[in-house]
Amino acid sequence: MQPESLSKAIQLSVAPVFLLAGIGALMNVISARLARIVDAARQARDAARAGEALDEQQRRSYRRRMQLTIRAIELLTAATLLISAVVAVTFFSVISRVNLTLVVVPLFIAAMSLLMLASLCFLREVQMASRHLRELI
């Protein structure tokens with residue numbers, strides 16, 4: 001193998017790594033939101049145990065928001081795995097000089113689809129939180 005081929009393989013394989021960094025940042029934000037939801041739900045539960053009324057709608061809202069954030073994290077994790085597979089297959093394709101475009105393209109499209117679904121879950125959770133906040137104010 002020529003050094004130029006290795007350099008090309010690294011170049012082609014590293015490009016999706018920037019996407020992985022972005023997904024990691026998004027996952028960090030969503031994880032922080034999940035922690036906030038859990039904290040708020042615990043406070044509501046403790047208040048209910050202390051005798052304050054806990055609105056059933058509020059309980060369902062916390063549950064649904066937790067489901068959405070967990071689903072977003074699951075989708076982002078799956079997208080990360082697919083993008084990692086894209087990196088590995090791309091690197092292997094260049095190194096072995098085998099055209100694996102028919103493998104890379106569906107992996108990348110699937111990863112982008114999962115990223116879009118995760119973003120929609122995140123958007124829905126933010127909308128629910130905003131609506132809840134407007135109801136409180």
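The values are calculated or read from the model by the stated rules, or taken from the named source; none is laboratory data. What you are looking at is a predicted structure, and each value in this text was computed from that prediction instead of being measured. Note that each Cβ is placed from the backbone with ideal geometry, even for glycine, and that neighbours are counted across all protein chains shown. Remember, those area values only see protein heavy atoms, side chains included, never the ligands or the DNA or RNA. Shrake-Rupley method; radii C 1.70, N 1.55, O 1.52, S 1.80 Å.
Mind giving me the FRET efficiency for Phe91 and Ser119? R0 is 35 Å, r the Cβ-Cβ distance, nearest 0.05 is fine. Please report the intermediate quantities before stating the final value.
Numbers: r = 27 Å, r/R0 = 0.78.
Given R0 = 35 Å and the Cβ-Cβ separation, E is 0.80.
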> Which of Phe91, Gly24, Ala129 sits closest to the plus end of the dipole of the chain, meaning its Cα is farthest towards the positive end, when Lys and Arg get +1 and Asp and Glu get -1 on the C-beta?
Replying inline: Ala129
>> Residue by residue through segment 18-29, what is 3J(HN,Hα) from phi via Karplus (6.51 cos²θ - 1.76 cosθ + 1.60, θ = phi - 60°)? Round to whole Hz and write x for glycine and proline.
In response: 5, 5, 4, 5, x, 5, x, 5, 5, 5, 4, 4
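Calculate how large, on average over all directions, the projected area of the Cα convex hull of segment 36-76 is; give the answer in nm² to one decimal.
Details: hull surface 10.9 nm².
Averaged projected hull area, Cα only: 2.7 nm².
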> Can you tell me the accessible area per residue over the chain, all protein chains present, probe 1.4 angstrom, in square angstrom?
Replying inline: 64 Å²
> Once both labels are modelled 7 Å past Cα along the beta-carbon direction, what's the Asn99-Ser130 spacing in nm?
Replying inline: 4.7 nm
>> Taking θ = phi - 60°, what integer Hz values does the Karplus form 6.51 cos²θ - 1.76 cosθ + 1.60 yield along segment 92-109, in sequence order, with x for Gly and Pro?
In response: 4, 4, 6, 5, 8, 6, 10, 6, 10, 4, 5, 9, 5, 4, x, 4, 5, 5
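Name the shape class, rounded, prolate or oblate, that the alpha-carbon gyration tensor gives for segment 1-48, where a ≥ b ≥ c are the square roots of its eigenvalues, rounded holds for a/c under 1.5, and otherwise prolate holds if a/b is larger than b/c and oblate otherwise.
Numbers: a/c = 11.69, a/b = 7.10, b/c = 1.65.
Note, shape of segment 1-48 comes out prolate.
How big is the equivalent ellipsoid of segment 20-96 along its three axes, where each semi-axis is √(5λ) from the Cα gyration tensor, reported in whole Å from largest to smallest?
Working: eigenvalues 331, 20, 9 Å².
After scaling each eigenvalue by five and taking roots: 41, 10, 7 Å.
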> Mind listing the phi-derived Karplus ³J(HN,Hα) values for segment 62-73, rounded to whole Hz, using 6.51, -1.76 and 1.60 with θ = phi - 60°, and x for any glycine or proline?
Replying inline: 4, 4, 5, 5, 5, 4, 5, 5, 5, 4, 4, 5
> Taking the inverse of the average 1/r across all pairs of different Cα atoms in the chain, what Kirkwood radius in Å do you get?
Replying inline: 17.3 Å
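What number, rounded to the nearest 500 deg cm²/dmol, is the helix-based mean residue ellipticity at 222 nm of the chain, given -39500 (n - 2.57) per DSSP H run of at least four residues and division by all its residues?
-33500 deg cm²/dmol
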